[in-house]
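Enquirer: Have a look at the structure that comes next, please.
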Amino acid sequence: FIAPFAEEDARALADVIGVDHVLMGSDYPHPEGTTEPLTYLNELKGFSIAELRKICVTNTDALLRAPN
């Protein structure tokens, strides 16, 4: 799983590792987060609504629920 920086090409990353492994980072003030997390959606061009839901919600939920 990877939470790319806002300036990175998340679509290219998803094409390599699969959209199921891309996460939205919102850990401000860490570099992968932003002061307004929803503005990250502006950087996620080329994703369907279903893919955006995975990146922003479902993938993190799946990661946190994964067995150790």
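The values are calculated or read from the model by the stated rules, or taken from the named source; none is laboratory data. In this text the structure is predicted, and so the values were computed from the model without any measurement. Just the protein is used for accessible areas: all its heavy atoms, side chains included, with ligands, DNA and RNA removed. Shrake-Rupley method; radii C 1.70, N 1.55, O 1.52, S 1.80 Å.
Enquirer: Counting only heavy atoms of the protein chains, get the accessible area per residue of the chain (1.4 Å probe) and round it to a whole Å² value.
Expert: 69 Å²
Enquirer: Right, something else. With the radius of gyration and the Kirkwood radius both derived from the Cα set of the chain, what is their ratio Rg to Rh?
Expert: Ratio of gyration radius to Kirkwood radius for the chain: 0.94.
Enquirer: Can you give the helix-only mean residue ellipticity at 222 nm for the chain, where every DSSP H stretch with n ≥ 4 adds -39500 (n - 2.57) and the sum goes over all residues, rounded to the nearest 500 deg cm²/dmol?
Expert: -7000 deg cm²/dmol
Enquirer: Quick check: convex hull over the Cα atoms of region 29-68, volume per residue in Å³, rounded to an integer?
Expert: Convex hull of Cα atoms, per residue: 92 Å³.
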